[in-house]
Amino acid sequence: MSNQFSKELRAFAEDHSWVSDHFESLLDKYAEQWIAVKNRRVIASDVDLMRLRENLADPANTCIEFVTREPLEMLL
Amino acid sequence: MIIEGYFIGNAPYFPARLSRGEFEGTLWLLADTGASRTTLLDRDLRLLGLSSEALTPAPLPTVGIGGSVRSFVLRDVEMTFASDEGDFVLRQELWVAQHDLDRLPPEEVARILRLPSVLGRNIINRFRFTCDYQVGQVRLER
């Protein structure tokens, strides 16, 4: 099997883990905003998801999360 | 062959790369044994740059908890997962569920955009699926 994308997928997951680990401090700075994280660093933020997307070089392969204090119960 | 997933909060997710001619991107799929089909939702549609004009209406109606959605089908999508043996690739039909966000208040739109796409039984059932929150293990294997 090729390993071409597995490395990128793990890096993507690590960026999300970084967001989880630093969520409280991210809340202080980015509450109610979408953030884009690459290599464990916030590279952009915006209250509007589409505007954030337009400002990213590679939005489809970037960790993007909404930072909020509002809990959300999901029934899918 | 083992595909390791992750718990985000207390929910089991798998990262996947999707690719099909006009788009490619990486996203999280919530492992959802209540969903019959693997389905992309609004946030990932936007991040992947997919517009509903380019989608084929789904041949079957969809129902779920919550508001009404328009459903579409994306055929022949290449899905790549990271496995212990390297890239594991499936060529797969995906469903798309799109809310009519233009008719909703902004706070409701923000909540809907937080909903993840889901990995449904059409893929989960091809594997032995382990979801053990107590030991922090989520995986697909075969």
Mean per-residue count of partner chain Cβ within 10 Å for B:84-93 equals 3
How big is the B/A interface in buried accessible area, both sides summed, 1.4 Å probe, to the nearest 100 Å²?
2900 Å²
Residue by residue, what Karplus-based ³J(HN,Hα) values in Hz, rounded to whole numbers, does segment A:65-73 have, using 6.51, -1.76 and 1.60 with θ = phi - 60° and x for Gly and Pro?
9, 9, 9, 8, 8, 6, x, 9, 8
Express as a percent, rounded to the nearest 5, the fraction of DSSP beta bridges in the protein assembly as shown (both residues included) that run antiparallel.
90 percent
In a Gaussian network model of chain B with springs linking alpha carbons closer than 10 Å, the residue among B:Phe14, B:Phe127, B:Phe23 that fluctuates most is B:Phe23
Projected label distance in nm at B:Val89 and B:Ser68, using a 7 Å step from Cα toward the beta-carbon
4.0 nm
Vicinal HN-Hα couplings computed from phi for segment A:38-46 (Karplus, 6.51 cos²θ - 1.76 cosθ + 1.60; Hz; Gly/Pro x)
9, 6, 6, 8, 6, 9, 6, 8, 6
I need the fraction of alpha carbon pairs in segment B:1-82 separated by more than 21 Å, rounded to a whole percent.
34 percent
Please list, in order along segment B:38-45, the HN-Hα scalar couplings obtained from phi with the Karplus expression 6.51 cos²θ - 1.76 cosθ + 1.60 (θ = phi - 60°), rounded to whole Hz, x for Gly and Pro.
6, 9, 8, 10, 3, 4, 6, 4
For chain A, what is the Kirkwood hydrodynamic radius in Å, using each pair of distinct C-alpha atoms?
13.3 Å
At 25 °C and 0.890 mPa s, the Stokes-Einstein diffusion coefficient in µm²/s for segment B:95-142, with hydrodynamic radius from the Kirkwood sum on alpha carbon pairs, is 180 µm²/s
For B:Thr33, project a label point 7 Å along Cα to C-beta. Then give me every residue of segment A:45-76 with its amide nitrogen under 16 Å of that point.
A:76
Here the net charge surrounding A:Lys38, from other residues whose Cβ is less than 9 Å away from its Cβ (Lys, Arg +1; Asp, Glu -1), is 0
What are the residues whose amide H is under 5 Å from the amide H of A:Val47, where those residues sit 5 or more places off or on another chain and H is modelled from the backbone?
A:Trp34
Given 10 Å bins starting at zero, what is the percent of C-alpha pairs of segment B:38-106 in each, up to the one with the largest pair distance?
18, 46, 26, 10, 1
Measure out, as a whole number of angstrom, how far apart the alpha-carbon centroids of segment B:67-127 and segment A:12-76 sit.
19 Å
Computed from the beta carbon distance with a Förster radius of 25 Å, FRET efficiency for B:Leu101 and B:Thr130 to the nearest 0.05 stands at 0.10
Could you work out the local net charge near B:Ala58, counting Lys and Arg as +1, Asp and Glu as -1, over the other residues with Cβ closer than 13 Å to its Cβ?
+2
May I ask you to give the average projected area over all directions of the convex hull of the Cα atoms of chain B, in nm² rounded to one decimal?
8.9 nm²
Can you give the convex hull volume per residue for the Cα atoms of the protein assembly as shown, as a whole number of Å³?
128 Å³
What residues of segment A:31-45 lie in the reach of a label at A:Arg69, counting those whose backbone N is under 14 Å from a point 7 Å from the Cα along Cα→Cβ?
A:31-33
Charge tally in the Cβ shell below 15 Å around A:Lys7, where Lys, Arg are +1 and Asp, Glu are -1, A:Lys7 excluded:
-4
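The values are calculated or read from the model by the stated rules, or taken from the named source; none is laboratory data. Quantities reported herein were computed from a predicted structural model and do not represent experimental measurements. No Cβ is skipped: glycine too gets one built from the backbone with ideal geometry, and neighbour counts run over all protein chains shown. For accessibility, only protein heavy atoms count, side chains too; no ligands or nucleic acids. Shrake-Rupley method; radii C 1.70, N 1.55, O 1.52, S 1.80 Å.
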